[in-house]
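What follows is one structure encoded as structure tokens, with my remarks underneath.
The values are calculated or read from the model by the stated rules, or taken from the named source; none is laboratory data. Everything quoted here is computed from the prediction, not taken from an experiment. Here Cβ is always computed from backbone atoms with ideal geometry, including for glycine, and neighbour counts include all displayed protein chains.
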Amino acid sequence: MNARDDTFHSHDFGKVAPWVDLANSQEWDGFGNLSDRLDDPSWIAAFLQRWKLRPEPGERLPLAALKRLRAVLRRVTERIAAGKPLATTEAAALNSAMSVAVRQKLIQRQNAYVIELAPLHSNWNWIVAKIAAAAAGTFASEQAARIKICANHDCRWLFYDPTKARIKRWCSERTCGNRDRVRRARAAN
């Protein structure tokens with residue numbers, strides 16, 4: 001495993017969906033320290049490789065667009081986690097990010113033909129659109145109730161809750177869950 005993959009995977013990226021990774025790219029360490037992974041070219045390279053996203057060679061990274069989308073994804077997730085509906089402005093921001101020119105294409109898969117949307121230009125605009133579409137698909141499905149925000153206010157990691165009763169509170173029982181239990185035990189003394 002090379003250094004770029006180690007940084008990406010050792011921080012639990014690459015497990016749920018590209019939009020979750022983008023939303024978590026502004027990462028709190030659980031103690032209030034912030035890292036912005038979008039400023040790290042090796043993180044971006046690992047992100048693109050993991051999610052099989054390929055921008056056109058030599059195209060500049062649209063850092064401002066990615067950070068805007070990340071902010072929208074965070075706000076939407078916080079609203080949904082709080083039981084509130086998607087705001088009109090956030091839906092409009094996702095629709096804007098998904099607005100790229102595409103064409104339909106018939107493609108043979110292993111056992112059947114499928115119709116897929118293919119971009120007119122496979123560039124960063126298409127990548128941003130795919131990330132936004134993945135998020136919109138989650139928000140529009142029953143899976144939205146399984147996307148949560150870590151209860152550790154110094155972490156705030158987005159995670160997928162696989163439990164049947166949807167009761168998971170922390171991104172990690174070992175780290176954030178344990179810190180919370182220690183804080184409560186100390187406060188009780």
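Against the condition free of Cβ contacts under 8 Å to residues at least 12 places away in the same chain and closer than 17 Å to N125 by Cα, how does P62 come out, does it pass? Lay out the reasoning, then the answer.
Numbers: free of Cβ contacts under 8 Å to residues at least 12 places away in the same chain: no; closer than 17 Å to N125 by Cα: yes.
No, not satisfied.
Within region 8-33, how many residues turn out to be part of a loop (DSSP other than H, G, I, E, B) and either touching a residue at least 60 places away in the same chain (Cβ under 8 Å) or surrounded by 19 or more Cβ atoms within 10 Å (Cβ to Cβ) (or both)? Walk me through it before giving the result.
Let us first name the residues in region 8-33 that are part of a loop (DSSP other than H, G, I, E, B), namely 11-17, 24-25, 29-33.
In the following step, the residues that additionally are either touching a residue at least 60 places away in the same chain (Cβ under 8 Å) or surrounded by 19 or more Cβ atoms within 10 Å (Cβ to Cβ) (or both) were identified as 12-13, 15-17, 24-25, 29-32.
Adding up the residues that qualify gives 11.
If only one of L48, L53, L61 is in a helix (DSSP H, G or I) and surrounded by fewer than 20 Cβ atoms within 10 Å (Cβ to Cβ), which one is it? Step through it out loud before you land on a result.
On the way: L53 fails: in a helix (DSSP H, G or I); L61 fails: in a helix (DSSP H, G or I).
Result: L48 is the single residue among L48, L53, L61 that is in a helix (DSSP H, G or I) and surrounded by fewer than 20 Cβ atoms within 10 Å (Cβ to Cβ).
Pull out all pairs, ordered by first then second residue, where Cβ-Cβ is under 6 Å, the residues are six or more apart or on different chains, the first lies in region 85-110 and is in contact (Cβ under 8 Å) with a residue 12 or more places away in the chain, and the second is in a helix (DSSP H, G or I) and of a type in the set (F, W, Y).
Close Cβ pairs (under 6 Å, with a partner that is in a helix (DSSP H, G or I) and of a type in the set (F, W, Y)) amount to V100/W126.
What is the number of the single condition among (1) within 22 Å of T138 (Cβ to Cβ); (2) at pLDDT below 75 that V16 does not meet?
(2)
Please enumerate the residues belonging to region 70-111 that are surrounded by 16 or more Cβ atoms within 10 Å (Cβ to Cβ) and either in a loop (DSSP other than H, G, I, E, B) or not aliphatic (A, V, I, L, M) (or both).
If the condition is that a residue be surrounded by 16 or more Cβ atoms within 10 Å (Cβ to Cβ) and either in a loop (DSSP other than H, G, I, E, B) or not aliphatic (A, V, I, L, M) (or both), then R70, R74, R75, T77, L86, E90, V100 are the ones that fit.
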